[in-house]
Amino acid sequence: MITYQTDGVDMPAIDQPQTSAWIRAVAQSHGKRVGEILYIFCSDERILEINREYLQHDYYTDIITFDYCVGNRLSGDLVISLDTVRTNAQQFGADYDTELHRVIIHGVLHLCGINDKGPGEREIMEAAENKALAMRKG
């Protein structure tokens, strides 16, 4: 089950059933199935609090992924700062909706086992994001 919640912000204008179907299709393309995935949309200030409290990181970020996967079943909490998504869209000259969906799927790709911190990993993640975005309808 994929659920969407907010923490101090308005729910973004996404087609939740269509987005959930897309997430399932991307997971399946990586040989995974969706278990319990919770998206929490929040502000920069809230994601900074979470980053400090749970990861001891003192910086803003677009997404924090808490991975509770077991075997091939994807489960996790994905916390997304809509403020950072908006800032990144402007900085990269991207459409906000596209950037939001890139971040939404970025967390799922982490749950699938794709990392982006080590040498060469960022390019692998970006390629996986682009492939996933190409699968998206709408």
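Does Gln5 meet the test of being assigned to a helix (DSSP H, G or I), over 12 Å from the mean Cα position of the chain (by Cα), modelled with pLDDT of 95 or more and surrounded by fewer than 13 Cβ atoms within 10 Å (Cβ to Cβ)?
Here the answer is no, as Gln5 does not meet what is asked.
Would you point out which residue out of Thr98, Thr87 is within 16 Å of Tyr60 (Cβ to Cβ) and surrounded by fewer than 17 Cβ atoms within 10 Å (Cβ to Cβ)?
Result: Thr87 is the single residue among Thr98, Thr87 that is within 16 Å of Tyr60 (Cβ to Cβ) and surrounded by fewer than 17 Cβ atoms within 10 Å (Cβ to Cβ).
Taking only the stretch 17-46 into account, find how many residues are closer than 18 Å to Asp67 by Cα, in contact (Cβ under 8 Å) with a residue 60 or more places away in the chain and assigned to a helix (DSSP H, G or I).
3
Just give me the residues in the stretch 47-58 being of a type in the set (A, V, I, L, M) and touching a residue at least 12 places away in the same chain (Cβ under 8 Å), in sequence order.
Those that are of a type in the set (A, V, I, L, M) and touching a residue at least 12 places away in the same chain (Cβ under 8 Å): Ile47, Leu48, Ile50.
Output the helices (runs of 4 or more DSSP H) that fall wholly within the stretch 53-136 and possess 1 or more residues being of a type in the set (Asp, Glu) and touching a Ser or Thr at 6+ places or on another chain (Cβ under 6 Å), or say none.
The helices (runs of 4 or more DSSP H) meeting that bar are 82-92.
Does the stretch 51-71 hold any residues that are surrounded by 13 or more Cβ atoms within 10 Å (Cβ to Cβ) and under 24 Å from Val34 (Cα atoms), and which are they?
Passing the criteria: Asp62, Ile63, Ile64, Thr65, Phe66, Asp67, Tyr68, Cys69.
Being surrounded by 13 or more Cβ atoms within 10 Å (Cβ to Cβ), under 15 Å from Ile114 (Cα atoms) and at pLDDT 95 or above is the requirement here; does Ser29 meet it?
yes
Residues to consider are Tyr68, Tyr60; find the one that is modelled with pLDDT under 95 and not charged (D, E, K, R).
Tyr60
Specify the residue that is farthest from Cys112 (Cα to Cα); the eligible residues are those in the stretch 32-42 that are surrounded by 17 or more Cβ atoms within 10 Å (Cβ to Cβ) and not aliphatic (A, V, I, L, M).
Selected residue: Cys42.
If you scan the stretch 101-134, which residues turn out to be among the aliphatic types (A, V, I, L, M) and surrounded by 12 or more Cβ atoms within 10 Å (Cβ to Cβ)?
Scanning the stretch 101-134 gives Val103, Ile104, Ile105, Val108, Leu109, Leu111, Ile114, Ile124, Met125, Ala128, Ala132, Leu133.
The values are calculated or read from the model by the stated rules, or taken from the named source; none is laboratory data. Fair warning: this is a prediction, and the values are worked out from it, not measured in the lab. Note: ideal-geometry Cβ built from the backbone for every residue, glycine included; neighbour counts use all protein chains shown.
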